[in-house]
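The values are calculated or read from the model by the stated rules, or taken from the named source; none is laboratory data. If you're wondering where the values come from, they're calculated on a predicted model, not measured in any experiment. Methodologically, a virtual Cβ is constructed for each residue, glycine included, from the backbone with ideal geometry; neighbour enumeration extends over all protein chains shown. SASA here: full protein model, heavy atoms, side chains in, ligands and nucleic acids out. Shrake-Rupley method; radii C 1.70, N 1.55, O 1.52, S 1.80 Å.
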Amino acid sequence: MDTLNAMTPVQAAALWSGLLLLLLIVLSVRVVLNRRRHKVLLGDGKESQITLRGRVFGNAAEYIPVGVGALALLAMLGMPAMAIHAVGGVLLAGRLIHAVSLSDRKPTLGRVLGMSLTYFALITAGAMLVVHAFV
């Protein structure tokens, strides 16, 4: 915890942005490996696992870049590193929980929790950015 407390806002944003980007790469590799396994060059080849993993990656790709941008802007505004850690940590937790819980068979509690955490992190970051644009 001392390491997190000692970070500058930019270092905090770099940490969480880096972790989020690595998550995005892992999810992308899962799609690629599944396509190779099923010998599908483009699309999903009507393989449900490729469709599901592609959707998991796509969903992350829709939210992670926005979160990374928000973290960078919060750091540029000089927000406290702990505030950036909070937003980044909640966002990463939300994206991880959502990715692990996404199922094509039924809605899951993890899926709802993952999206709730993601929305909470983005709404918090958005509100912080709006408020501090005028401060």
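Which condition number in (1) in contact (Cβ under 8 Å) with a residue 12 or more places away in the chain; (2) more than 23 Å from THR51 (Cα to Cα); (3) part of a helix (DSSP H, G or I); (4) not β-branched (Val, Ile, Thr) is the one that GLY69 fails? All conditions pass for GLY69, except number (1).
Taken over the stretch 1-25, residues that are over 9 Å from VAL68 (Cα atoms), open to solvent by 40 Å² or more (accessible area, probe 1.4 Å) and of a type outside the set (Gly, Ala, Ser) amount to 13. For the residues THR124, THR118, the requirement of being hydroxyl-bearing (Ser, Thr, Tyr) and in contact with a His (Cβ under 8 Å, 6 or more places away or on another chain) singles out THR118. What number of residues within the stretch 75-84 satisfy the criterion of being assigned to a helix (DSSP H, G or I) and either of a type in the set (Gly, Ala, Ser) or open to solvent by 10 Å² or more (accessible area, probe 1.4 Å) (or both)? Final tally of qualifying residues: 5.
Out of the residues in the stretch 31-74 that are hydroxyl-bearing (Ser, Thr, Tyr) and surrounded by fewer than 18 Cβ atoms within 10 Å (Cβ to Cβ), which is modelled with the lowest pLDDT? Only one residue fits best here, namely SER48. Looking only at the stretch 110-120, decide whether some residue is closer than 27 Å to ALA14 by Cα, of a type outside the set (Gly, Ala, Ser), crowded, with 20+ Cβ neighbours inside 10 Å and modelled with pLDDT of 90 or more. So far as the stretch 110-120 goes, yes, one or more of its residues are closer than 27 Å to ALA14 by Cα, of a type outside the set (Gly, Ala, Ser), crowded, with 20+ Cβ neighbours inside 10 Å and modelled with pLDDT of 90 or more. Can you spot a residue in the stretch 49-58 that is in contact with a helix residue (DSSP H, G or I) (Cβ under 9 Å, 6 or more places away or on another chain), within 23 Å of VAL135 (Cβ to Cβ), in contact (Cβ under 8 Å) with a residue 40 or more places away in the chain and in a helix (DSSP H, G or I)? No, that holds for no residue.
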